[in-house]
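The values are calculated or read from the model by the stated rules, or taken from the named source; none is laboratory data. This is a predicted model, so every value here is computed, not measured. Note that we place each Cβ from the backbone using ideal geometry, even for glycine, and neighbour counts take in every protein chain shown.
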Amino acid sequence: MIATIRSELIKAVTVRSVPALAAAAPVAAVLLAAVFVLSLPVTQGRTVTEVPPPDVVGAALVGVDVAAVVLVVLGALIAGSEYPTGTIAPTFLLTPHRERVILAKAAVVVGIAVLVAITAATLCVAVGQAALLLAGLDLTPIDVRLLAGTAAGPVVYAVAGLAVAVTTRSTGGGVAGALALLLLPGVVGWVDALAVLAPLMPSAAVHGLAGVSTPGTAEHLAAAPAALLLVGWLTGPVGFAAWRAATRDA
């Protein structure tokens, strides 16, 4: 299995667009973080000096959302790019247990996504702290739980991109499916009849881990259930994709 993971990692990093996407995600996150901090007078009607320091950092951390979108593309690309070119066939010939190939691809996506997401979240926190300093305020203590929980989101959606790409045999399908999952909580929140689904969404797991969900709301989860749900969203789609790859022709 280690050899398969190494092989998939080499394939991923030698595709020019994969390192480019990995590098672009933190940059995009920083830019969006700056936009959110600068727009506080518009979005909240208060300047940085009037907003509680933790909320300034929290606003900056919204920049991680754009990193999630970039990582969706990265995950789908790593999984789906071999299907239209036909190179997935020799890959499966070299590794007859196809599920191992999918699991190796998932391991590569998770590894890259974790590094990129932590980098993006850390840089977004730095943007928030810099805004406080520029406003003449003291730095606020770093909330490690908030940082880690926020960074978990892009990893989940990158894995979703991979799983859907394998299932549909298409990079575009992977991107579309994962972005739909990213947007689904908003739809659930608008439709009262779907409120029962709110605590099952990946966003509920991320918000619960980060400690930002509000008690009494439909999506609220404590840290332990949120962690279990997160594990389910990481392993479930990959398991299904591996099963689909193993039970049909390449």
task = Of the conditions (1) surrounded by 18 or more Cβ atoms within 10 Å (Cβ to Cβ); (2) without any contact (Cβ under 8 Å) to a residue 12 or more places away in the chain, V27 clears all except one; give me its number.
result = (1)
Condition met for L74 (of a type outside the set (G, A, S), surrounded by fewer than 16 Cβ atoms within 10 Å (Cβ to Cβ), touching a residue at least 24 places away in the same chain (Cβ under 8 Å) and closer than 26 Å to G172 by Cα) = no
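Residues L184, L115, L162: which one is hydrophobic (A, V, I, L, M, F, W, C), within 20 Å of D65 (Cβ to Cβ) and crowded, with 19+ Cβ neighbours inside 10 Å?
Residue meeting the stated conditions: L162.
Would you mention how many residues in segment 143-159 are touching a residue at least 24 places away in the same chain (Cβ under 8 Å) and surrounded by fewer than 17 Cβ atoms within 10 Å (Cβ to Cβ)? Explain how you work it out, then say what you get.
Taking segment 143-159 first, the residues touching a residue at least 24 places away in the same chain (Cβ under 8 Å) are 143, 145-159.
Pick out the ones that are also surrounded by fewer than 17 Cβ atoms within 10 Å (Cβ to Cβ) and you get 145, 148.
Residues meeting the conditions: 2.
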query = Which of the residues belonging to segment 1-24 are more than 30 Å from L93 (Cβ to Cβ) and touching a residue at least 40 places away in the same chain (Cβ under 8 Å)?
reply = A24
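Looking at segment 77-91, which of its residues are of a type outside the set (S, T, N, Q) and surrounded by fewer than 18 Cβ atoms within 10 Å (Cβ to Cβ)?
Our first condition is that a residue be of a type outside the set (S, T, N, Q); within segment 77-91, this holds for 77-80, 82-84, 86, 88-90.
Across segment 77-91, the qualifying residues are P84, G86, A89, P90.
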ask   = Of the residues that make up segment 52-65, is at least one touching a residue at least 24 places away in the same chain (Cβ under 8 Å), under 25 Å from G236 (Cβ atoms) and buried (at least 19 other Cβ atoms within 10 Å of the Cβ)?
value = yes
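So, G128, is that one exposed (fewer than 15 other Cβ atoms within 10 Å of the Cβ) and part of a helix (DSSP H, G or I) or not? Even if it seems obvious, please write down each step before you answer.
Values: exposed (fewer than 15 other Cβ atoms within 10 Å of the Cβ): no; part of a helix (DSSP H, G or I): yes.
No: the conditions fail for G128.
Based on what the data block shows, is G232 surrounded by fewer than 16 Cβ atoms within 10 Å (Cβ to Cβ), within 17 Å of the chain's Cα centre (by Cα), farther than 30 Å from P90 by Cβ and not aliphatic (A, V, I, L, M)? Spell out the reasoning first.
On the way: surrounded by fewer than 16 Cβ atoms within 10 Å (Cβ to Cβ): yes; within 17 Å of the chain's Cα centre (by Cα): yes; farther than 30 Å from P90 by Cβ: yes; not aliphatic (A, V, I, L, M): yes.
Yes.
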request  = Hey, can you tell me all the residues within segment 7-19 that are at pLDDT 85 or above and surrounded by 12 or more Cβ atoms within 10 Å (Cβ to Cβ)?
outcome  = S17, V18, P19
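Only one residue in A205, A227 is of a type in the set (A, V, I, L, M, F, W, C) and surrounded by fewer than 20 Cβ atoms within 10 Å (Cβ to Cβ). Which one? Step through it out loud before you land on a result.
Working: A205 fails: surrounded by fewer than 20 Cβ atoms within 10 Å (Cβ to Cβ).
A227 is the lone residue from the list that is of a type in the set (A, V, I, L, M, F, W, C) and surrounded by fewer than 20 Cβ atoms within 10 Å (Cβ to Cβ).
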key: Check on A178, buried (at least 20 other Cβ atoms within 10 Å of the Cβ) and either in contact (Cβ under 8 Å) with a residue 40 or more places away in the chain or of a type in the set (F, W, Y) (or both)   = yes
Enumeration of residues in segment 83-99 that are more than 16 Å from A3 (Cα to Cα) and among the hydroxyl-bearing types (S, T, Y) = Y83, T85, T87
inquiry  = Being at pLDDT below 90 and either in contact with a Pro (Cβ under 9 Å, 6 or more places away or on another chain) or buried (at least 22 other Cβ atoms within 10 Å of the Cβ) (or both) is the requirement here; does A245 meet it?
reply    = yes
